[in-house]
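The values are calculated or read from the model by the stated rules, or taken from the named source; none is laboratory data. Please read all numbers here as calculations on a predicted model, not as lab measurements. No Cβ is skipped: glycine too gets one built from the backbone with ideal geometry, and neighbour counts run over all protein chains shown.
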Amino acid sequence: MNELEDIKLKAFLQNMELEKPGSGFTVQVMNKIFAEDSALEQIKSEKILGKGFWIISILFVVLLAAIFVVSNTGMQADSQIGQLLPEAGQGLSEGYESFFSKLGTLPLSIAGITIGVSVLIFIDKIISSNSKIFA
Amino acid sequence: MEQKDDIYYIEKVKAGQTNYFSYIVERYQDIVFSIAMKVLKNREDAEEMAQESFIKAYKSLHTFKGTAKFSTWLYRITYNNCISEVRKRKMHFASTDDVQIADEAEEMNLDGIPEENRAQAIKAAMDKLPEDEYTLILLYYFEEQSIEEISKVTKLSESNTKVKLFRARKKLYTILNELMKDELYTIL
C-alpha cells in the first residue's frame, strides 16, 4: 500500500460521521459527576467515630472502673469481715465471697458484650464508609 | 468560543472547577460513544458505557500526569471498559478474520467512489469491521493517533499494532471494493 493511498484513505475516513450519543449526554455525565462529588463530600464530612461510638466507649471505661472498684472493695471487705466478726460462721463468709464473685462476673460480662458491640459498630462504620468511597 | 487544548480544561478541573469537564465530554463524546457502540452493539448500553468511561476518567484525573495525550488516556479507559463489559456479559469480541482479504485489496482506487456516497460507503465498510480493527482504523485515521499511542490504548505491542493495522486497512479496502461492486450492480 503506497503512501498516497494512505493519505487518501485518511482524508476519506475523515469524511465519516461518527455515531452520536443522545442530545443530553453531556448534561447527564455532568449530573452524575456532581452527584458523585456531593456524595463524596458528605462522606468526608461525616465523622467515622460518631457520638454512638464515644458513648459506648465511655460506658465501657465506666464499667471497667466499676469492676476495679468493686473487686477492690470486695477484697477489702473480705479482709475486714474476718477482723470484725471473728466468731462469724464460715458459712457467712463463704456466702459473702460467693455473692461478690457472682456479682463480679456480671459487670465483666456486660463489659465484654459492650466492647464486642462497640468494636463491631466501629468496624461496620469503617467498612461502610470505605465502600462508599471506593465504589 | 476559542478552542483551548485539553490540558487547560484538565488543570481547571483539577483545581476544583468541575464544570470545565463538560468541555472534555463535548469534545470526545462522539468517538467514545462510537467505540462503545461498535463493541456493545446497543445504543443504550453504549451510552451508559460512554458515560461510565467519562466518569471513570474524571475520578482518575488526578493520576493523569500529562506525559501522554489526554485522548490516548481516555480512549484506553473506554476501550478497557468496553472489553471488560463484553467479558462480563460473555459476549463475542470480534477480532477474527470474518472477512477474507482479497489480493487486489491493495489496489483499491478510492477516487472511484463517488464523492456524495463517500461518507455512507465508509460508514458501511467500517461497520463491517471487527471491533478491534474498527478501533485501530478509527484511532489511526480519524483521530490521527500514532502507532505508539494506539498500542497504549489497545495494550498491543507496537509491532503487533502495525501488523493489525495493516490487515485492518486491507480488510477495509476489500469491504469497500465489495460495496462498490454491489453499488455498481444496483446502478446497472
Original post:
Any chance the stretch A:14-29 includes a residue that's in contact with a helix residue (DSSP H, G or I) (Cβ under 8 Å, 6 or more places away or on another chain), more than 10 Å from chain B (Cβ to nearest Cβ) and of a type in the set (Asp, Glu)?
Top reply: no
**OP:** Scan the stretch B:60-82 residue by residue and report those that are assigned to a loop (DSSP other than H, G, I, E, B), under 18 Å from B:Asp5 (Cβ atoms) and of a type outside the set (A, V, I, L, M, F, W, C).
**Re:** B:Lys65, B:Gly66, B:Thr67, B:Lys69
Subject >> helices (runs of 4 or more DSSP H) within the stretch B:118-188 that include 3 or more residues away from chain A (no Cβ under 12 Å) >> reply: B:131-137, B:147-154, B:158-187
Subject >> Extreme residue, surrounded by the most Cβ atoms within 10 Å (Cβ to Cβ), among residues of the stretch B:13-59 that are of a type in the set (Lys, Arg) and either on the phi < 0 side of the Ramachandran plot or in a helix (DSSP H, G or I) (or both) >> reply: B:Lys38
Original post:
Can A:Thr26 be described as modelled with pLDDT of 75 or more, surrounded by 11 or more Cβ atoms within 10 Å (Cβ to Cβ) and within 30 Å of B:Ala57 (Cβ to Cβ)?
Top reply: yes
